[in-house]
Amino acid sequence: MSTMFNELLDWNRWNDMCSTDSHASTPKMNVSESEKDYRLELCIPGLKKEDLSMSVDADNNLVIEMQQKEEKKENDEKRHFLRREFSTMQFKQMLTLPENVKKDKIGAKVENGILTVVLPKFTTEEQKQLAQTITIE
């Protein structure tokens with residue numbers, strides 16, 4: 001498995017130990033690899049696709065952002081909260097993409113509280129076609 005993903009797992013552990021923001025959350029993540037692609041699965045219960053955004057930045061990082069805002073409900077004058085723990089939740093993760101990922105073919109879907117991100121790889125033939133010979137003048 002790519003070193004990039006091993007470093008990611010260490011970062012999550014560091015983030016969990018050092019986080020002081022009770023409103024920040026780091027979703028649990030599974031990372032797998034096949035001959036055709038890398039696959040990320042993030043546990044995001046209660047979030048909808050409207051709460052998520054993904055992009056690839058200029059430094060070849062996959063940026064995954066999540067923000068779930070607390071829905072304001074009209075106050076019932078007969079009811080008051082004794083305890084209130086629902087709040088805004090936000091998260092931002094940056095992952096350095098391996099060089100063999102087809103950035104224009106990255107796909108993602110949300111289903112049953114799981115965000116699945118598929119990072120297709122270049123085949124050996126496609127990588128050979130990308131290689132260039134430079135003419136020396």
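Only the coordinates and a few stated rules stand behind these numbers; no lab work does. Values in this document were obtained by computation on a predicted structure and should not be read as measured data.
Say the cut-off is 19 Å between C-alpha atoms; which of Lys36/Lys103; Lys28/Lys92; Lys48/Lys105; Lys36/Lys128; Lys36/Lys102; Lys49/Lys121 go over it?
Where the Cα-Cα span goes over 19 Å, the pairs concerned are Lys48/Lys105; Lys49/Lys121.
Report, by chain and number, residues whose modeled amide H sits under 5 Å from the one on Lys102, excluding near sequence neighbours (fewer than 5 apart, same chain).
Amide H to amide H, under 5 Å and 5 or more residues apart or across chains, Lys102 pairs with Lys121, Phe122.
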